[in-house]
Amino acid sequence: MRSLPALLIALRRWRGPTPPLREAADGVLEPLSSLKRTPTQTHTAPAPSLSIPCPDPTGEEVRRDRYQSQGQRYARQEDWTALSAAMRQADQSRDKTPGGMPVAELLSFGARADVVGAAEHALLGGRPGPGADLLAGISQLEEVLCCAHGDAMIAATVAQAHVDLGWAWRGTGYEAEVPSRNRAAFAAHFDRASEILADLPRANSPLVEGVRCAACARATPDVDRIAAAFEALITLDPTTPQSFRAMGLRLLPRWSGASGALELHARRMAARTQTTWGAGGYTWTMLDAIAADDAACAALDVEFFIDGLRDILARCPDQHVVNLLAAYCANTMGMQMDGSDEAALVRAQIADCAGWIVREWLTELHPMIWAHAARGFDQALRVRCAERFAAAGLADAHRFIAQLFRREIDAGKRIIFTEDGPEAVPA
């Protein structure tokens, strides 16, 4: 049996040369399965001392699921013309959910969800199960691409599908931990994504440029080229936090970055996006990087980072963002016990920010975000039971908030979260 790279080569020969095309998370895209919980009425945290709205699903989840389902429906109906039109309109208009997720990315995610989901299921153990056909789905997408006649939205979706499949094969571990067969499959999918993107001219499309940035993980260009690719994307659309977060991770030494490059380019992004985020460009760029790397964390300008937290919340007080930053400080940073003393000191200072974020900005609880934060926002995480996962996040958030208001609760008060924030009232 031929290897995956050989099969991909054969596939390319079968479908002929890639047609000339004209015209990309960290974003942080949840699997469709993690959003399809049974809707319930808004409820409160299960404690007599706390009352906080906990919508299930949240407004952000409803919107994300709607667009993902729309993209999936177009793909299942093979209505690629309608999919492309919807994606292009959202991409050109920079349409986003209230939490900052680009609508065009959600449509694209839904369109490739069946193909990518089937491959991820087959590769749950790091190797395909008996009889698994990992090329059937992507072959069908390649046929769609062949008939797309230069459609950039379809090309970007197929290229991103190859990127997703490459990561499904590789995983997110260190290079030495990845079996050779999986590395070969990773390389083959990323090479194919690069071929598709090479035929797309530069254009005013954050979706396409985002896929270019995602595909550069296969190559090992110099740090300046990595940073330049992300800067081009962020210049097109500085209002998408996921672009900053992905840039920070790619600039870490473990992903072809270099020591000192992260700090330098994070400051550059803060300067370039000052009118949009204030100091928040620095914070968004550093957010995931310092959670993953002790050296980056130890070198952080903590005061600048915290200024960025305040600027982000002042400019984007949507409860999805509020919960994300509160959970990040309390869970992602506050629950990490290992690492150097310098990194531990930085994490402790950031963890302290969760208190004022909750007191000043929180009005409702989003348990799924708290659950993901406790696991470091791991994009390779597979949620097998959404209800149980959300319950763990709810318990984490409840414990933190109860401890934060311990003095008021011990004094016989009850904490009620309103549209204006938490209030302590007689029990």
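The values are calculated or read from the model by the stated rules, or taken from the named source; none is laboratory data. What you are looking at is a predicted structure, and each value in this text was computed from that prediction instead of being measured. Glycine gets a Cβ as well: all are built from the backbone with ideal geometry, and neighbour counts include every protein chain shown. Keep in mind that these areas ignore ligands, DNA and RNA; they rest on the heavy atoms of the full protein, side chains included. Shrake-Rupley method; radii C 1.70, N 1.55, O 1.52, S 1.80 Å.
Summary table below
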item: Interchain or long-range residues, amide H under 5 Å from ARG414's placed H; result: VAL425, ALA427
item: Two-site FRET efficiency, ALA271 against ALA314, from Cβ-Cβ distance with R₀ of 22 Å, rounded to 0.05; result: 0.75
item: Difference of contour (0.36 nm per residue) and Cα-Cα distance, GLU360 to ASP420; result: 20.7 nm
item: Sequence-separation-based contact order of segment 103-185, relative, with Cα cut under 8 Å and 6+ spacing, percent; result: 32
item: Pairwise centroid distance, computed over Cα atoms, of segment 76-95 with segment 185-242, Å; result: 20
item: Estimated vicinal HN-Hα couplings, Hz - segment 204-216 in sequence order (Karplus 6.51, -1.76, 1.60; Gly, Pro = x); result: 7, 9, x, 4, 5, 5, x, 5, 4, 5, 5, 6, 6
item: Value of Rg to Rh for the chain (Rh from inverse mean 1/r over Cα pairs, i.e. Kirkwood); result: 0.98
item: Of all accessible heavy-atom area on the chain, the percent that carbon and sulfur account for (1.4 Å); result: 52
item: DSSP beta bridge pairing in the chain, given as percent antiparallel to the nearest 5; result: 85
item: Rounded to the nearest 20 debye, dipole of the chain from Cβ charges on Lys, Arg, Asp, Glu; result: 920
